[in-house]
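Please read the structure below before turning to the comments.
The values are calculated or read from the model by the stated rules, or taken from the named source; none is laboratory data. Just so you know, these numbers come straight off a predicted model, no measurement behind them. Cβ sites come from the backbone with ideal geometry, for glycine too, and all protein chains shown count toward neighbours. Keep in mind that these areas ignore ligands, DNA and RNA; they rest on the heavy atoms of the full protein, side chains included. Shrake-Rupley method; radii C 1.70, N 1.55, O 1.52, S 1.80 Å.
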Amino acid sequence: MYPTLFLAHGTPLLAAEDLPYTRFLRNLGRHLPRPEGIVVVSAHWESPLQLISGASRHETMHDFFGYPEEAYAVTYPGQGDILLSLQIRKELAAEGIASEIDDARGLDHGVWSLLHWMYPAADIPVVALSVHPRLAPEEPYRIGQALHALRDKGILVIGSGGTVHNPPLLQWDSSMVDRWALEFDEWLGERIGVWDLEALFDYENRAPHAKLAAPTREHLYPLFLAMGLADRKRKARLLHQEYQYGSLSLTGWMFG
């Protein structure tokens, strides 16, 4: 049974940076068994309805502005897999979860900034899933539960977001880590490690500095969905953790 992952995608510059984290991503792709397909839940594709990418060949979306030129030079010509897209829709429908296939959507940086390092040849089919940022955490977890069968078919599911993500508070020239970011990540990691869903689903009220670390929900949505896929085993392992710009958490988790 294939594990599921939650990986931080950092800033759009991640695909052009040589960091311990990007080296971790490269090694992770080399050491995981080669998947039959990849499903990425991206915090940067927001929709009130669950959408599933259905393009046969993905365009690379540079869905940001104001970054250095190297961020716009990255391309990831991944291929899609309509049969996998249809299977996802079927699994969701079986659990009463409405969804639609979007055959025009490309891959945003929440997808390609990770796959650029993990699977640089772009020779494994990719399907992207949207997030609904106003859903309570229980709902993406339930969506993940509905998709558990993908793990039996050799599909790698990656939740792409960030545990601490508050761009206005980034300190671009800082090499230190803000204490509030560490304390939020420590609380989150402890609850993930023991699979404390009651606390995790109520993180906005229970976690220290939640309003600073996660002022909106979309970057944690992929975490809950990835955990939902592993609900039957409920095993979590922290693979990597570092920080950029004072508070931007670059974290990798494996579930299942």
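A few comments on the model shown:
- Partners of residue 233 within straight-line reach, counting aspartates and glutamates whose Cα lies under 16 Å from its Cα and excluding those fewer than 8 residues away in the same chain: 152, 196.
- The chain, relative contact order [Cα under 8 Å, separation at least 6], %: 31
- Counted residue by residue at 0.36 nm each, then reduced by the alpha carbon distance between them, the extension gain from residue 231 to residue 67 reaches 55.2 nm.
- Two-site label geometry, residue 94 and residue 149: point separation in nm, points 7 Å out along Cα→Cβ: 0.2
- Stretching the chain fully between residue 174 and residue 19 yields a gain of 54.3 nm (0.36 nm per residue, less the alpha carbon separation).
- Directionally averaged projected area (the chain, Cα convex hull): 12.1 nm².
- Label-to-label distance, nm, for residues given as residue 101 and residue 183 (7 Å Cα→Cβ offset): 4.9
- Restricting the chymotrypsin sites (Phe, Trp or Tyr not before Pro) of the range 164-245 to loop positions (DSSP other than H, G, I, E, B) with no more than 10 neighbouring Cβ atoms within 10 Å leaves 172.
- Only alpha carbons enter this Debye calculation for the range 1-96, each as an equal point scatterer, and the log10 of I(q)/I(0) it gives at q = 0.15 Å⁻¹ is -0.81.
- Taken per residue, the accessible surface of the chain reaches 43 Å², heavy atoms only and a 1.4 Å probe.
- Within the accessible area of the chain (1.4 Å probe), percent carbon and sulfur: 50
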